[in-house]
Every structure is written in C-alpha cells, then in structure tokens.
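The values are calculated or read from the model by the stated rules, or taken from the named source; none is laboratory data. All values derive from a computational prediction rather than experimental measurement. Cβ sites come from the backbone with ideal geometry, for glycine too, and all protein chains shown count toward neighbours. Surface accessibility is based on the protein's heavy atoms, side chains included, excluding ligands, DNA and RNA. Shrake-Rupley method; radii C 1.70, N 1.55, O 1.52, S 1.80 Å.
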Amino acid sequence: MFKTKKEFVFVILAGIFITNAVVAELIGGKLIQIGPFVMSIGILPWPIVFLTTDLINEYFGEKGVKKLSIITACLIAYAFIVLFLAIGIPAAKGISPVNDEQFQAVFGQSMWIIVGSIIAFMVSQLIDVTVFWFFKNRTGNKKIWLRTTGSTIISQLFDSFIVLGIAFWLPGKINFDTFISSALTGYTFKLTVAIILTPLIYLGHHLIKKYLAEDEKQY
C-alpha cells in the first residue's frame, strides 16, 4: 500500500493524466466540424490533462511533471506499437464482429499522426511546466489562476499547431488554410476550456491541500 497520502494523490493524478493523454492521442485521427471550423476530436480529453498537469505541478514540482510526461510519451508510443501489431494480425473471418478494414480505419493512424502527437505532447508539456514555474517563482502561492491558465495558454498554442502541422498538413491531408483555421479553432477551444476550468483548479487545490493536511496532523 501507499506510505503516505501524498504518494496516493500522485498515483491517482498520474493515472488520470496518463489515461486521458493516451486516449486523446488514440482518437486524434478523427476530424470534426463545428460550423465552418474543423478540429481533431482528440481535444476532448485534454481539459482533464490540463487540470491534472497543474495539480501535479503544484504539489509535486517541475521534476514530477517532466518525468511523468516522458513516461506518458513512452506509453503513447507503446500503445501505437501494440495497435500496429494488432492491425497486422488477420481477423477471424465470419466470426469477428470487426473486420480488418474496419479495425484499420479506426486504429490505423499514419506514422505522421503518431510522430506529430508525441512531438506535440512533449513540447507542450515542457513549455507548460516552464511557464508554470516562471509565474509561481514570482507569485509564490498566490495567483493560482495566473500560473495555471498562463501556462496552458502558451503551451497549447504550440501543441495545436505542431500536431496538426506534422500529422495533417505536411503529408498533404489538409491544405494550409484548413491547417491554420483548424489549429486556431482547436486552440480557441482549449483556451476557453482552460478559463472555464479555473474554478475546478481551485477546488482541486483545496481538496488536495485539506487531504494532505490531515495526513500531516498524524505525525
């Protein structure tokens, strides 16, 4: 079992972080249209990634986020390797409810998407943690909203353009205008969600602080 409550909190946050990051990358190949705008469905789990990243930053520091980000990037690569192997194994004809073509269509993301996803993830996470601690070192424990929202605003600007640029624009799947509009739409969505999530950041911060304080009283 866990030696301390802080260790338990880290495992929970890390599990939520990794699960949502991996899911986001696996479903990222599907593009959706909202009005005249196109963006990746992979943005859906990212608000949870934002939330857990900020909480891990707050309680486990810069090294904790960087190590977890590297581990997650490796797990994303591992997931793609498993899917690649699964695609190569023929489905049982007449028995499997999902045939090879259907499976390939859903999970057969191109190498460009895989590379773009991993690069965008690592770059955005490293930028996020750097900006977060830039503000925290100057404001201390005050202005939580500034370091959480500020780090997301900057890091996700890079993420939105990197992943779509590598995965869709460079291989010629979308034209330049669609690339720019899609990246801006995705970024606007993430920015809006980051602002909306600000109260949840404060709530999560309060609950964790209270939970850990109870642990400290025992010693």
Matching entry among A105, A91, A167 (being in contact with a helix residue (DSSP H, G or I) (Cβ under 6 Å, 6 or more places away or on another chain), aliphatic (A, V, I, L, M) and assigned to a helix (DSSP H, G or I)): A167
In region 1-53, how many residues are open to solvent by less than 60 Å² (accessible area, probe 1.4 Å), of a type in the set (S, T, N, Q) and in a helix (DSSP H, G or I)? 3
What's the number of the condition L68 fails, among (1) in contact (Cβ under 8 Å) with a residue 12 or more places away in the chain; (2) in contact with a helix residue (DSSP H, G or I) (Cβ under 6 Å, 6 or more places away or on another chain); (3) open to solvent by 30 Å² or more (accessible area, probe 1.4 Å)? (3)
Pairs, please: C-beta under 6 Å, at least 6 apart or cross-chain, first residue under 22 Å from S160 (Cβ atoms) and in region 192-207, second assigned to a helix (DSSP H, G or I) and open to solvent by 70 Å² or more (accessible area, probe 1.4 Å)? T198/W145
For region 173-188: of the residues being touching a helix residue (DSSP H, G or I) at 6+ places or on another chain (Cβ under 6 Å) and in a helix (DSSP H, G or I), which is nearest to G150 (Cα to Cα)? Y187
Which one is nearest to V23 (Cα to Cα) among residues in region 128-144 that are modelled with pLDDT of 90 or more, of a type in the set (A, V, I, L, M, F, W, C) and open to solvent by less than 40 Å² (accessible area, probe 1.4 Å)? V129
Filter region 92-127 down to the residues that are charged (D, E, K, R), modelled with pLDDT of 90 or more and exposed (fewer than 13 other Cβ atoms within 10 Å of the Cβ) and list them by number. E101
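Filter region 6-40 for residues that are hydrophobic (A, V, I, L, M, F, W, C), under 15 Å from G186 (Cα atoms) and either touching a Phe, Trp or Tyr at 6+ places or on another chain (Cβ under 8 Å) or in contact (Cβ under 8 Å) with a residue 24 or more places away in the chain (or both) and give the result.
Pass one, region 6-40, residues hydrophobic (A, V, I, L, M, F, W, C): 8-14, 16-18, 21-24, 26-27, 31-32, 34, 37-39.
Retained after the next criterion (residues that are under 15 Å from G186 (Cα atoms)): 24, 27, 31-32, 34, 37-39.
Selection gives A24, L31, I34, F37, V38, M39.
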Of these, I174, I208, which one is crowded, with 18+ Cβ neighbours inside 10 Å and within 24 Å of V123 (Cα to Cα)? I174
Just one of (1) over 19 Å from the mean Cα position of the chain (by Cα); (2) surrounded by 15 or more Cβ atoms within 10 Å (Cβ to Cβ); (3) over 22 Å from Q156 (Cα atoms) trips up A79, so point out which. (1)
Please go through region 152-165 and give me each residue that is modelled with pLDDT of 90 or more and either open to solvent by less than 30 Å² (accessible area, probe 1.4 Å) or at positive phi (or both), ordered by number. S155, G165
